[in-house]
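Quick notes on the structure that follows.
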Amino acid sequence: MSVVKVHKKGIIALPKSVRERAGIKEGMLLVVEVKDGRLILSPLDLWERIWSCCSGSAEEAELELDREEAEREEEREGRWKR
């Protein structure tokens, strides 16, 4: 077990031994969750997140992602028109 201090703006430094055991490398993105009052840090696998959202071929996945992006763009434009 390690003890860390919370600094300004909630910044914490994970000890090297913890990072090594968890496989956390500099620049990685981590998902932070709170469950039953505990913080859970998990690596964010962007490739898995992108490809698991879609089924079928890479072309189908690309089309699905394009549709989602177009929907978000329409939502943004709708907010500006108000």
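The values are calculated or read from the model by the stated rules, or taken from the named source; none is laboratory data. All of these numbers come straight from a predicted model, not from anything done at the bench. All Cβ positions, glycine included, derive from the backbone under ideal geometry; neighbour counts span all protein chains shown.
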TODO: Can you tell me which residue within the stretch 1-15, out of those that are exposed (fewer than 10 other Cβ atoms within 10 Å of the Cβ) and either closer than 30 Å to residue 64 by Cβ or not hydrophobic (A, V, I, L, M, F, W, C) (or both), is modelled with the lowest pLDDT?
DONE: 2
- [ ] Consider residue 18 carefully, then state whether it is of a type in the set (A, V, I, L, M), in a helix (DSSP H, G or I) and surrounded by 10 or more Cβ atoms within 10 Å (Cβ to Cβ).
- [x] yes
